[in-house]
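Enquirer: Structure incoming, see below.
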Amino acid sequence: MQIVHTHTGKIYVDTEHRLEFLTVGDYGKENNIKADFLGLHTEINGVKHKEVDLTKKWVATISTQKGCPMKCQFCDCPKFGFFGNASVEELSFEIETILKNETIKNTDRFNVHFARMGEPTFNENVLEFAKNHLRDITKKYITAKTIHPVVSTMLPKKNKKLKQFILDWCNIKNIDYNGEAGLQFSINSTDNAQREAQFNSNSLSLEEISALAKELPQPVGRKYTLNFAVTKDTILDADRLTELFDPKMFIVKITPIHETNSAIQNGFDVTTSYDDYDVYREFEQPLVKKGWDVIVFVPSHEEDSDRITCGNALIASA
């Protein structure tokens, strides 16, 4: 297994198990987030790298599949191929490897993102792992005041069990974790044609996602998230989004499409989104005026060059 050291943590590239996973620290929300509803009002015109502290917030991002079948145009995971789902034992192996290879024994917050490689809703082992294994494994190695697992989904149209998976995850979020878990829908655009191009026609339409959203239970704790990975060419219509989704149930998260090899090869503008808040303001402000809670998350150049952000897969070229 190859261990790649980054500015904020480590990436584990395991060609034997066909898995990739990573551990990173966090700069602190005051440094790379603007969210008026959280009292964070400073526009982020570039994020300066600084030392991270795992005792404050520790983030593990693990793979739920060996590669990914979704073939999104901005993501490198499809370059690796697809070799099936990670088992409960393999999900446990990823987390245990991360935890036992650090010296930290206490953290305020341990976030686990099912978001390195794979579409998590295709793998029901994610539900079993989060509900019955994650907390016990974590407690073997560290004391965490909060354990916060997050499912991010591209909402695949070919997944006949998608609705049931999401409803089951909502129960895990609301009941098993008492609201301290996350559910994120990758939306990226309020234009179906633009979404189809980005997701290679493998995601549900906006209308279908909206219908599914209306069946979700009221979130306990934090709201569900609509994620928009944007460039200056993104179509994000605040009126259209408000027609489709309920701001009382969802927040909007805005972040750049990251500088993956695929994003560059497929012509996404990934060069203007880090040092100039103007790119984000045009999306953020109309949503705020419509009553949406909006988080704008901006990574540092180091985080993107380290390939720790979503859409990357070092294993694809290992």
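A short reminder: the numbers here are calculations on the coordinates, not readings from a lab. Predicted model only: the values in this text are computed from it and were never measured. Using ideal geometry, Cβ is built from the backbone for each residue, glycine included, and neighbour counts are taken over all protein chains shown.
Enquirer: In segment 176-212, which residues are part of a helix (DSSP H, G or I), in contact with a strand residue (DSSP E or B) (Cβ under 7 Å, 6 or more places away or on another chain) and touching a residue at least 24 places away in the same chain (Cβ under 8 Å)?
Expert: Matches in segment 176-212: I209 only.
Enquirer: Any residue in segment 123-151 that is surrounded by fewer than 18 Cβ atoms within 10 Å (Cβ to Cβ) sitting within a Cβ distance under 6 Å of a residue that is in a strand (DSSP E or B)? List the pairs, counting only those 6 or more apart or interchain.
Expert: R135/I147; T143/N106; K145/D108; T146/R109
Enquirer: Report whether or not E119 is of a type outside the set (V, I, T) and in contact (Cβ under 8 Å) with a residue 60 or more places away in the chain.
Expert: Judged against the criteria, E119 is not a match.
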